[in-house]
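One structure is given here, and the rest of the page talks about it.
The values are calculated or read from the model by the stated rules, or taken from the named source; none is laboratory data. Quantities reported herein were computed from a predicted structural model and do not represent experimental measurements. All Cβ positions, even for glycine, are placed from backbone atoms using ideal geometry, and neighbour counts span all protein chains on display. These area figures cover heavy atoms from the full protein model, side chains too; ligands, DNA and RNA do not enter into them. Shrake-Rupley method; radii C 1.70, N 1.55, O 1.52, S 1.80 Å.
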Amino acid sequence: YQELLNIARLEKDYLAEGIYLRQLAEISQGIVNPENGIKYKQELAENYLKNQNLLNLAIIKIAIGDDYKTLKKPEESAKFYQEAFTLGWSLKQYSIAGDALDKLGILYQEYEQLDSAVIIYQELIKVQQLSYNYYGLMNTYDYMGIIYSKKQDYSLALQSYEKALEIARSLS
């Protein structure tokens, strides 16, 4: 695939270049070296940007954020999730924007940045309301209840759990 990638670049075949970069990223991620997977995904992101394939650019940024999270590099992970959110939001692709915020909120929870997680989840609620994602909305209120419980703010925790329960009941 590396040789095919080089040929595609020489021929300025951006479509083929994207295909080979995806293949190299998957192989590197799963078998060889996760950091090489990130390298190929970043090159793929550049390819998507060059070709104005902004939807796939947002998706690949989430994947890069996931890779950095796996490598225990939360700052880099958060940066890519934020970029994916911004891009998804600007494209009105609320499922992508919501996915990026969800992953960012979980990342902040894992690293005990609870105030930041609450802010992210408050934004996620707006996105989920716009996209009519009631299941995601229910889960977000549940996450917020957990965070408020950890912060010993039991009245806000109760409010969050009640909203989650109300949505759960409406979904049966």
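Condition check for Ile31 on (1) at pLDDT 85 or above; (2) over 20 Å from the mean Cα position of the chain (by Cα): one failure, at (1). Checking Ser90, Ser116, Ser77 one by one, the residue that is among the small types (Gly, Ala, Ser) and open to solvent by 50 Å² or more (accessible area, probe 1.4 Å) is Ser90 and no other. Among residues of the range 94-113 that are modelled with pLDDT of 95 or more, none has a Cβ under 7 angstrom from a residue that is open to solvent by less than 10 Å² (accessible area, probe 1.4 Å) and outside any helix (DSSP H, G or I) at a sequence gap of 6+ or on a separate chain. When Tyr108, Tyr154, Tyr121, Tyr81 are checked against the criterion of being touching a Ser or Thr at 6+ places or on another chain (Cβ under 6 Å) and more than 21 Å from Ser170 (Cβ to Cβ), a single residue qualifies: Tyr108.
Check the range 5-23 and report whether any residue there is on the phi > 0 side of the Ramachandran plot, part of a loop (DSSP other than H, G, I, E, B) and free of Cβ contacts under 8 Å to residues at least 12 places away in the same chain. Looking for residues that are on the phi > 0 side of the Ramachandran plot, part of a loop (DSSP other than H, G, I, E, B) and free of Cβ contacts under 8 Å to residues at least 12 places away in the same chain, one finds at least one in the range 5-23, hence yes.
Among the residues of the range 119-172, those that are under 24 Å from Lys92 (Cα atoms) and open to solvent by 60 Å² or more (accessible area, probe 1.4 Å) comprise Ile119, Gln122, Glu123, Lys126, Gln129, Leu130, Tyr132, Asn133, Tyr134, Tyr135. Criterion applied to Gln2, Gln23 was being over 30 Å from Tyr108 (Cα atoms) and in contact with a Phe, Trp or Tyr (Cβ under 6 Å, 6 or more places away or on another chain), and the one residue passing it is Gln23.
Please determine whether any residue of the range 42-52 is without any contact (Cβ under 8 Å) to a residue 12 or more places away in the chain and within 21 Å of Gln23 (Cβ to Cβ). Within the range 42-52 (the criterion being without any contact (Cβ under 8 Å) to a residue 12 or more places away in the chain and within 21 Å of Gln23 (Cβ to Cβ)), the answer is yes, since at least one residue qualifies.
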